[in-house]
Structures are given as C-alpha cells and as structure tokens.
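Below is one structure; the comments refer to it alone.
The values are calculated or read from the model by the stated rules, or taken from the named source; none is laboratory data. As the structure is a prediction and not an experimental result, all values here were calculated from the model. With ideal geometry, Cβ positions are generated from the backbone for all residues, glycine too; neighbour counts draw on all protein chains shown. Note: areas computed on protein heavy atoms with side chains; ligands, DNA, RNA excluded. Shrake-Rupley method; radii C 1.70, N 1.55, O 1.52, S 1.80 Å.
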Amino acid sequence: MNPKQFIKNIFSKNNSTARNLLIVASITLLGKFLGFFKETYIASSFGLSLVLDTFFIAILVPGFIQNVFLGAFKGVFIPNYVAELKKGNNPASFQATGFLITIVTSAIFVLIAYLITDTFLETLFPDHDELFYSMIKSQFYFLAPCIFLWGISSLLSGMLNIKGEFVYSSLPSFFIPIVTILFLAYFKEELGYNVLAIGTLVGSLLGIIFLIFICIKKNILTLSKPNIKDANVQLMLKQVPAKVSSGFLTGMNSVVDQYFAAQLLVGSIAAINYGQKIPAFLIGILVVALNNVLLPKFSSMFIDNQRKAFNSYLKMVKLLFIVSTICAIIGILFSDFLVELFYERNKFTSEDSSIVSTMQKVFLIHTPFTICGMVVVNFLTSINKNAFMAYSSLIALILNIILDYVFIQYYGILGIAICTSVVIILKMIFTFWYSIKVSKTFVT
C-alpha cells in the first residue's frame, strides 16, 4: 500500500479510531491552549522565582502519586473492565471494586505523604531556609486532597472512554486552568503564594463533580457490592504490582531531575519546567488522545483479533513518528521566537528566555519518541505485559541518575535536559523492540 492510500485509509469515515483520536485531540488542543495561556500568565506574574520553585516541589508528590499509583491502576483497570463487558457480565460490581481500591489507596498515600513531608524535603532539597520549606508545606496541604479527586476522576473518565464518550471525558481538563487564571486575576493578593495550589484544588473538585454528573446521566455509573473474587478483578490485581512499579520508576526520573536542579541556582527547577512547556504542549495533545482512545481500543481488538490489533499498532507508530518528527523540527527552528513571544514580559527577562529556549530545543528532540512510546505502552498494557515495562523503567531510572550526575558537571542545568532526551529515546527503542518480539508469539 502506498503512503497516500495508507493515510487515506487511516482517516476514512469508517475508521472510528482515527475519528475518535481527532475528536479528543481537538478538545485537548483547546485545553492545552487554555493551559498554555495559564502558564504564560503565571510566568508574567512570578518569573523564574521562589514561588514557582516551591509550587513545583509541592505538587511533585501528589502528581507523583497520581501518575505512578492511581494512573497505573487505571491502566490495568481499563483492559480488564473491557474484558468484563465483553463477557456480558454486570459491570456494577467491577466498578465498585475499582473505586474501593482507588479510595483506599488514595487514603493510604495521602497519609504517607503527610507523614514524610518533612523528611522528604530535608533529604531531597537540603540546605534551604525556613521560608523555602514553609512555602512548600503550605501549598502541599492544599494539593494533597487532589490525590483523591484525581484518582476517582481517572476511573470515571476511563469508563466514559470505553463507552465512546470522549468529548465529556476530555472536558474536565479545562477546569484547573480556568480557575487558576481567575484566581490569579482577582485573588492573587488575598491568596498569596498559595494561589496556584488553591486554584488546582478547586479546579480538580469541579472536574470530578462534572464527571460524576455525566456518568450518572449516561447510566454509566452503576455501583453494587464489590467482588474481589471475580476472575477479571483477580487478573487486574495481579497486574497492579508490575504496572505500579513501572509507573513508580518512571515517575522517579522527574524527582531525580528536580533533585539535581535544586542543587543549582534559584530558578533552575522553574527553568526545567518552562523548558518542557511547549514540548509538553505538542506531546500532551497526542498523548491524551492516545491514552484515552487506544487503550480501550487495543484491549477490545486484542480480545477479538490479535493480528488486527498488532497491525493497527504498527501503522499507528509509523504514522505518528513521521508527523511528530516534522512538528519537533519546526518547534526547534522557532524555539527562540516562541519563548520570547509567550513568556518574555514583566519579571520574565531576556536572560530567562535564553535559558528556557535552549532547554526547550533539547526537550523537543525526544518528542517523537515520547509520543510513539505512549503507543507502545498502551499496546503492551492492553496485552498485560506490564512486568517488562517495570524492568525497562528500572534500567531507564539508573541510566537517568548516572547521566544527570555526569552531564550536570559539564553542561549545568542543560545537562538535565540532555539526559532526559537520551534516556527517553533509548527506552522507547528498547520497548518497541520488545513489542515486536512478544507479538510474534501470538501473531502467527
């Protein structure tokens, strides 16, 4: 099949996957524009300052718990929930079990987070003054409840995605940036340095209220007595340790980067985060769409037709790598202009722009590999190959620690960006090779 015909088939009217990807990507694009405007508004308000450094550290643990533990559980919940539906079973008990596990897990980790905050800060971010630590803890106390909200929201949005309600599942991403912008505009003085944390909490609360309302209205939320002995629940629980380990080790890369950045000048942590904003904008549009659409799709296809699932997977990786590479090159060429346009005003100086733009160029290099890597992760998750991803994540973390230490000696803060790109590229190549290898066992 020639490339023209291939692309035509991908986006044909009969291709529901491509159509759903476009729907989610379009909504996500609007959400990312709104989120990006929020970031530029924050940048003009605070610059590369102590307020932003402390906020990024304060949200590190809640975000880490969400991505590693609750996000990982969603990853194993969806394939097995699809299997439950395919068998024609009543999903109410499975839903209740999923929510019970999420709530209990969230409660445990919120408690742990509260208990280890002081030790965590003094160990990873030593030798700072009392103001630094008090600002982090004050913001953290507003962000910790978000762990509950994000965990439950992830399952609700996952169930909406399985039912094809991609528009509704994507809309809650609008709430946090809208609320944060409003709070910055009208309540910045009253809320002080807690304004970003409170905006995140209120936006998260509105998001979960919206999802619950939609799930009830669409008759998707039907709870009954949890049944831990259910076969699909048991299979799901067996996959949780490997998936959580993979997410934990992957999430630790961000912690390691923040640790090394904290050893440098004030503003270094903010510089890393702003250097990632535009690459994350490009990545986020596709990654959100891919996560929302492909995991349920691959899970269903694999049950029905393994060969078809594998062939669709390969086609998706090839197309996305070409498109994302072109976008990354364009982003690198216009990096200086984009940073000056979106960030350089008020307290964000031309010197800040130079630092952020250089880091942004390095982060953009790994963009195609990150996007395609998410397709690989979704495919391997859909076939319950989470153990391999845990091993590959461990290797990547060890490599990240070593390269961060080495590169920072030669390139300073830029060394962290270089290390991130190298590790992501190598990990994606390794996991893609494994997906091809393991697929030969069932595509014959």
Problem - Residues that are of a type outside the set (S, T, N, Q), at pLDDT below 80 and either within 14 Å of the chain's Cα centre (by Cα) or open to solvent by 20 Å² or more (accessible area, probe 1.4 Å) (or both), drawn from region 84-104 - result: Leu85, Lys86, Lys87, Gly88, Pro91
Handout entry: Enumeration of residues in region 408-427 that are in contact (Cβ under 8 Å) with a residue 60 or more places away in the chain and either under 25 Å from Phe77 (Cβ atoms) or surrounded by fewer than 16 Cβ atoms within 10 Å (Cβ to Cβ) (or both)
Key = Gly412
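Condition check ((1) over 23 Å from the mean Cα position of the chain (by Cα); (2) assigned to a helix (DSSP H, G or I); (3) modelled with pLDDT under 90; (4) closer than 16 Å to Thr367 by Cα) across all residues:
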{"residue": "Leu399", "(1), (2), (3), (4)": "no, yes, no, no"}
{"residue": "Ile402", "(1), (2), (3), (4)": "yes, yes, no, no"}
{"residue": "Tyr405", "(1), (2), (3), (4)": "yes, yes, yes, no"}
{"residue": "Tyr410", "(1), (2), (3), (4)": "yes, yes, yes, no"}
{"residue": "Cys419", "(1), (2), (3), (4)": "no, yes, yes, yes"}
{"residue": "Val423", "(1), (2), (3), (4)": "no, yes, no, yes"}
{"residue": "Ile429", "(1), (2), (3), (4)": "no, yes, no, yes"}
{"residue": "Phe442", "(1), (2), (3), (4)": "yes, no, yes, no"}
Exercise for the section: Only residues in region 38-59 that are on the phi > 0 side of the Ramachandran plot count as the first member; pair them with residues that are at pLDDT below 75 and open to solvent by 30 Å² or more (accessible area, probe 1.4 Å), Cβ under 7 angstrom, at least 6 apart or cross-chain, and list the lot. Expected result: Gly47/Lys347
Practice task
Go through the residues of region 207-218 one by one and say whether even a single one is in contact (Cβ under 8 Å) with a residue 60 or more places away in the chain, more than 22 Å from Leu30 (Cβ to Cβ) and among the basic types (Lys, Arg).
Solution key: no
Exercise for the section: Collect the residues in region 338-352 that are assigned to a helix (DSSP H, G or I) and surrounded by fewer than 24 Cβ atoms within 10 Å (Cβ to Cβ), keeping them in residue-number order. Expected result: Leu338, Glu340, Leu341, Phe342, Ser350, Glu351, Asp352
Exercise for the section: Filter region 389-407 down to residues that are open to solvent by 10 Å² or more (accessible area, probe 1.4 Å) and acidic (Asp, Glu), then give me how many there are. Expected result: 0
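Rundown of residues vs (1) modelled with pLDDT of 90 or more; (2) among the aliphatic types (A, V, I, L, M); (3) within 30 Å of Ile269 (Cα to Cα), yes/no style:
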residue	(1), (2), (3)
Ala185	no, yes, yes
Glu189	no, no, yes
Asn194	no, no, yes
Gly203	yes, no, yes
Val233	no, yes, no
Pro241	no, no, no
Ser245	no, no, yes
Gly251	no, no, yes
Ser254	no, no, yes
Problem - Matching residues, region 219-236, being assigned to a helix (DSSP H, G or I), in contact (Cβ under 8 Å) with a residue 12 or more places away in the chain and either out of contact with any Phe, Trp or Tyr (no Cβ under 7 Å at 6 or more places or on another chain) or open to solvent by 30 Å² or more (accessible area, probe 1.4 Å) (or both) - result: Leu235
Practice task
Would you mind stating whether Leu115 is open to solvent by 40 Å² or more (accessible area, probe 1.4 Å) and part of a helix (DSSP H, G or I)?
Solution key: yes
Problem - Number of the exception - Phe125 against (1) open to solvent by 10 Å² or more (accessible area, probe 1.4 Å); (2) among the aromatic types (Phe, Trp, Tyr); (3) more than 22 Å from Val240 (Cβ to Cβ) - result: (1)
Handout entry: Candidate set: region 186-201, residues that are touching a residue at least 24 places away in the same chain (Cβ under 8 Å) and of a type in the set (A, V, I, L, M); chosen: the one surrounded by the fewest Cβ atoms within 10 Å (Cβ to Cβ)
Key = Ile198
Exercise for the section: Please find, within region 353-384, the residue that is nearest to Ile418 (Cα to Cα) out of those that are hydroxyl-bearing (Ser, Thr, Tyr) and open to solvent by 50 Å² or more (accessible area, probe 1.4 Å). Expected result: Thr358
Handout entry: Qualifying residue in region 355-368 (condition: over 18 Å from Ile272 (Cβ atoms), modelled with pLDDT of 85 or more and within 22 Å of the chain's Cα centre (by Cα))
Key = yes
